[in-house]
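Chemist: This is the structure I have questions about; it appears just below.
Every number in this text was worked out from the coordinates using simple rules, so none of it is lab data. Since the structure is predicted, the reported quantities are computational estimates derived from the model, not experimental observations. Neighbour counts are summed over all protein chains in view; Cβ atoms, including those assigned to glycine, are modelled from backbone coordinates with ideal geometry.
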Amino acid sequence: MTETIAPESGLSFEFTDEQKMFREVMRDVANRDFSKAYCREVEERKESPWDLWEKVTGAGLTAIGVPEAYGGQGGGIIEEMILAEELSRTMAGLLWIWGVTSFAGSRAVGMFGSEEQKQRMLPRIADGEMIWSISLTEPGGGTDVLGAMRTTADRVDGGWVVNGAKIWSTMAHVADRLLLVARSDSDSERPSGGITVFLCDAKADGITATTIPKMGMRSIGSCEVQFDNVFIPDEDVLGEPHKGWSMLIESLNAERILVAADCCGALTGVLEDMVEYAGERTAFGKPLGQLQAVQHMIARTKIGLETARLHTYKAAWLHSTGRPAGVESTMAKVVASEECVEGADRGIQILGGYGYATEFDMQRYWRDMRLYRIAPISNEMGLNFIGETLGLPRSF
Ligand SMILES: Cc1cc2nc3c(=O)[nH]c(=O)nc-3n(C[C@H](O)[C@H](O)[C@H](O)COP(=O)(O)OP(=O)(O)OC[C@H]3O[C@@H](n4cnc5c(N)ncnc54)[C@H](O)[C@@H]3O)c2cc1C
């Protein structure tokens, strides 16, 4: 698979033929394996949806983004963006069952892992044999994540001993590995110094993961995780000890682009459902879609979707060419999450009472996408960052 969104021929958002074909394949996969009705039923389950994971791995999705040399199908941020957009049209937030392993596993290990770690882990990720979780946020706060970080990693013979607590680690209770971030040097002058990232065995002695009841993506548990004298061998340190923060920063843009793509896909699902309902439902002897107030809500949602797509595609394109994409990825994440939540909210309005009913998908889109105004970086923090890049004084 190629990495480019278009040939170097001036301004263009044309995908390559291969990428267009890949999009069609992903659309078919969504329609075949992840119908809206199936996802609606899966989302509200109390237990982990192993059948959903089997469908994700069975469709080869965990191999996308893993280099062919390590048993994957290759592809970069553009292919991952296409996958995220197509699948979240029906899956909405359930897409993250793929996203978390893709981001924490294949991307982190692929970008920063040693040759030994790549050989040990990437083929298993591609084959769907390894579930990952990210353990970064702590109970003391996610926005000021460095200021709040209390989890420590102390050097011992042959490795490290970790103590502390993380919160919201999605899928940690079923994961094989945690991408775990801990403070390994408390004497560091800067908060971003002395941070080490571990590819931690999620089943190691001393780890307890407890799910937190939540509003959306309910069957994909997000966990509070306790670390009580957890030993991690040296071979599971990612990159250099104490220099983990710069690695994380480098991978943040990709995460924001994928979240934005998830929002674009979900908003496509929202738009489809509102148009369909407005065509079928009648009031005062005519279809709802003939009422100008309703038409405007739908048109506004279409504009929001295209705006979000432009931002997302541009950020992905910049990222794929190796150019700086920090501002663009952040703008894409902010715009796409705001548009998606607003679109789903309009959708609920158009569906009236049925918009509030769990037998329809509109409320699922709204509940799932509401998260992305908060995570992985809150939109307020995203705006702080964009303001700072305009030369304004740092506000935090
Ligand atoms: C369902 C779910 C899944 C998650 N999955 C994961 C995961 O897998 N792994 C993981 O590590 N984390 C995960 N997170 C955590 C997520 O990244 C954090 O919730 C997010 O970073 C916000 O942190 P917080 O919740 O502690 O809010 P806080 O940091 O306490 O912020 C609260 C509010 O204050 C605002 N605020 C704070 N500081 C500023 C400022 N300087 N300027 C303006 N406003 C500010 C914020 O924008 C926010 O509105 C998940 C969270 C949820 C809810």
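Chemist: How much length is gained on full extension from residue 321 to residue 119, taking 0.36 nm per residue of separation minus their Cα-Cα distance? Before the final figure, lay out the partial values.
Modeler: On the way: separation 202, 0.36 × 202 = 72.72 nm, distance 2.62 nm.
Full extension of this stretch gives 70.1 nm more.
Chemist: Which of the listed residues, 195, 130, 379, is farthest toward the dipole's positive end in the chain, when Lys, Arg count +1 and Asp, Glu count -1 at the beta-carbon?
Modeler: Of 195, 130, 379, it is 379.
Chemist: Given contacts defined as C-alpha pairs under 8 Å and at least six residues apart, what's the relative contact order of the chain, whole-number percent? Could you put the intermediate results ahead of the total?
Modeler: Numbers: 752 pairs, mean separation 62.1, N = 396.
Reported as a whole number, the value is 16 percent.
Chemist: Separate question: Roughly speaking, what is the centre-to-centre gap between region 355-386 and region 109-183 when only Cα atoms are used, to the nearest Å?
Modeler: Cα centroid to Cα centroid, the span is 25 Å.
Chemist: Putting +1 on Lys and Arg Cβ atoms and -1 on Asp and Glu Cβ atoms, find which of 156, 97, 292 reaches farthest to the positive end of the dipole of the chain.
Modeler: Farthest along the dipole direction, towards plus: 292.
Chemist: Test of understanding: ordering 41, 85, 138, 359 by Cβ neighbours within 10 Å, fewest first, what list do you get? Each step should come with its number before you reach the end.
Modeler: Values: 41 12, 85 28, 138 23, 359 8.
The fewest-first ordering by Cβ neighbours comes to 359, 41, 138, 85.
Chemist: Farthest toward the dipole's positive end in the chain, which of 113, 245, 11, given Cβ charges of +1 (Lys, Arg) and -1 (Asp, Glu) about the Cα centre?
Modeler: Farthest along the dipole direction, towards plus: 11.
Chemist: What does the helix-only formula give at 222 nm for the chain: each DSSP H stretch with n ≥ 4 adding -39500 (n - 2.57), the total divided by the residues, and the result rounded to the nearest 500 deg cm²/dmol? Could you put the intermediate results ahead of the total?
Modeler: Details: 13 runs with 187 residues, N = 396.
Here the helix-only value at 222 nm equals -15500 deg cm²/dmol.
Chemist: Taking the Cα centre as origin and putting +1 on Lys and Arg beta-carbons and -1 on Asp and Glu beta-carbons, what dipole magnitude results for the chain, to the nearest 20 debye? Intermediate results must be reported in sequence, preceding the final value.
Modeler: Working: 39 positive and 57 negative charges, 239 e Å.
Result for the chain is approximately 1140 debye, rounded to the nearest 20.
Chemist: For residue 37 and residue 144, compute 0.36 nm times the residue count separating them, minus their Cα-Cα distance, and round to one decimal in nm.
Modeler: Numbers: separation 107, 0.36 × 107 = 38.52 nm, distance 3.85 nm.
Roughly 34.7 nm would be gained on extension.
Chemist: Please label the shape of region 1-113 as rounded, prolate or oblate, based on the square roots a ≥ b ≥ c of the eigenvalues of the alpha-carbon gyration tensor (a/c under 1.5 means rounded; beyond that, a/b larger than b/c means prolate, else oblate). Intermediate results must be reported in sequence, preceding the final value.
Modeler: Working: a/c = 2.29, a/b = 1.44, b/c = 1.59.
Judged from the Cα gyration tensor, region 1-113 comes out oblate (a/c at least 1.5, b/c at or above a/b).
Chemist: Using R₀ = 51 Å, calculate the FRET efficiency as 1/(1 + (r/R₀)^6) where r is the Cβ-Cβ separation of residue 357 and residue 189; round to 0.05. Kindly include the intermediate steps, with their values, before the conclusion.
Modeler: Numbers: r = 56 Å, r/R0 = 1.09.
The computed FRET efficiency comes out at 0.35.
Chemist: Something else now. Provide the per-residue ³J(HN,Hα) series for region 208-224, in order, calculated from phi with Karplus coefficients 6.51, -1.76, 1.60 and θ = phi - 60°, each as a whole number of Hz, with x at glycine and proline positions.
Modeler: Taking θ as phi minus 60°, the curve returns 10, 10, 10, 6, 10, x, 9, 7, x, 6, 5, 6, 8, x, 10, 10, 8 Hz for region 208-224.
Chemist: Sticking with this structure for a sec: With charges only on Cβ, +1 for K and R and -1 for D and E, what is the dipole size of region 220-330 about its Cα centre, in debye, rounded to 20? Mind dumping the intermediate values first?
Modeler: Values: 9 positive and 15 negative charges, 199 e Å.
So the magnitude is around 960 debye.
Chemist: If neighbour count is taken as other Cβ atoms inside 10 Å, put 156, 42, 327 in order from fewest to most.
Modeler: Working: 156 10, 42 20, 327 17.
Going from least to most buried by this count: 156, 327, 42.
Chemist: Relative contact order for region 303-396: what percent, with Cα pairs under 8 Å and sequence separation of 6 or more?
Modeler: For region 303-396, the relative contact order is 25 percent.
Chemist: Nearest 0.05, what FRET efficiency do residue 303 and residue 394 give at R0 = 51 Å with Cβ-Cβ as r? Walk me through the intermediate numbers first.
Modeler: Working: r = 33 Å, r/R0 = 0.65.
The computed FRET efficiency comes out at 0.95.
Chemist: What list of ³J(HN,Hα) couplings, whole Hz, do you get for region 382-396 from phi and the Karplus terms 6.51, -1.76, 1.60, once you set θ to phi - 60° and write x for glycine and proline?
Modeler: Each residue's phi maps through the Karplus curve to give x, 5, 4, 5, 5, x, 5, 6, 8, x, 6, x, 4, 9, 10 Hz.
Chemist: Right, here's the next one. Normalised by the residues of region 47-140, what does the relative contact order come to in percent, with Cα pairs under 8 Å and at least six apart? Before the final figure, lay out each step's value.
Modeler: On the way: 96 pairs, mean separation 31.0, N = 94.
Across region 47-140, relative contact order equals 33 percent.
Chemist: Here is a follow-up. With θ taken as phi - 60° and the coefficients 6.51, -1.76 and 1.60, list the Karplus ³J(HN,Hα) couplings across region 86-96 in order, rounded to whole Hz; mark glycine and proline as x.
Modeler: Here the 3J(HN,Hα) series is 5, 6, 6, 4, 9, 7, 6, x, 4, 3, 5 Hz.
Chemist: Hey, another quick one. What pairs from 20/314; 118/243; 166/214; 214/302; 36/214 go past 24 Å between their alpha carbons? All intermediate terms of the calculation are to be shown ahead of the outcome.
Modeler: Working: 20/314 17 Å; 118/243 19 Å; 166/214 16 Å; 214/302 29 Å; 36/214 20 Å.
Violating the 24 Å limit, Cα to Cα: 214/302.
Chemist: How do 302, 286, 314 line up, fewest other C-beta atoms within 10 Å first? Each step should come with its number before you reach the end.
Modeler: On the way: 302 15, 286 9, 314 18.
If I rank by nearby Cβ atoms, fewest first, I get 286, 302, 314.
Chemist: Tell me, how many Å apart are the Cα centres for region 292-335 and for region 249-280?
Modeler: Spelled out, the Cα-based centre of one part sits 10 Å from the other.
Chemist: Using amide H atoms built in the peptide plane, which far-off residues or other-chain residues are under 5 Å from residue 167 H to H?
Modeler: 137, 138, 225
Chemist: Can you give the extra length, in nm with one decimal, that the chain gains between residue 47 and residue 24 once fully stretched, where that is 0.36 nm per residue apart less the Cα-Cα distance? Please list the in-between numbers first.
Modeler: Details: separation 23, 0.36 × 23 = 8.28 nm, distance 3.16 nm.
Full extension from residue 47 to residue 24 adds 5.1 nm.
Chemist: Taking H as built 1.01 Å from N, whose amide H comes closer than 5 Å to the amide H of residue 65, not counting residues under 5 places away?
Modeler: Here 73, 74, 75 satisfy the definition.
Chemist: With +1 assigned to the C-beta of every Lys and Arg and -1 to the C-beta of every Asp and Glu, and no other charges, what is the dipole magnitude of region 228-280 about the Cα centre in debye, to the nearest 20?
Modeler: Details: 2 positive and 12 negative charges, 59 e Å.
For this selection, approximately 280 debye.
Chemist: While we're on this one: With the Cα gyration tensor of region 52-179 giving a ≥ b ≥ c as the square roots of its eigenvalues, does the rule (a/c under 1.5 for rounded; else a/b larger than b/c for prolate; else oblate) give rounded, prolate or oblate?
Modeler: Working: a/c = 2.15, a/b = 1.39, b/c = 1.55.
Verdict is oblate for region 52-179.
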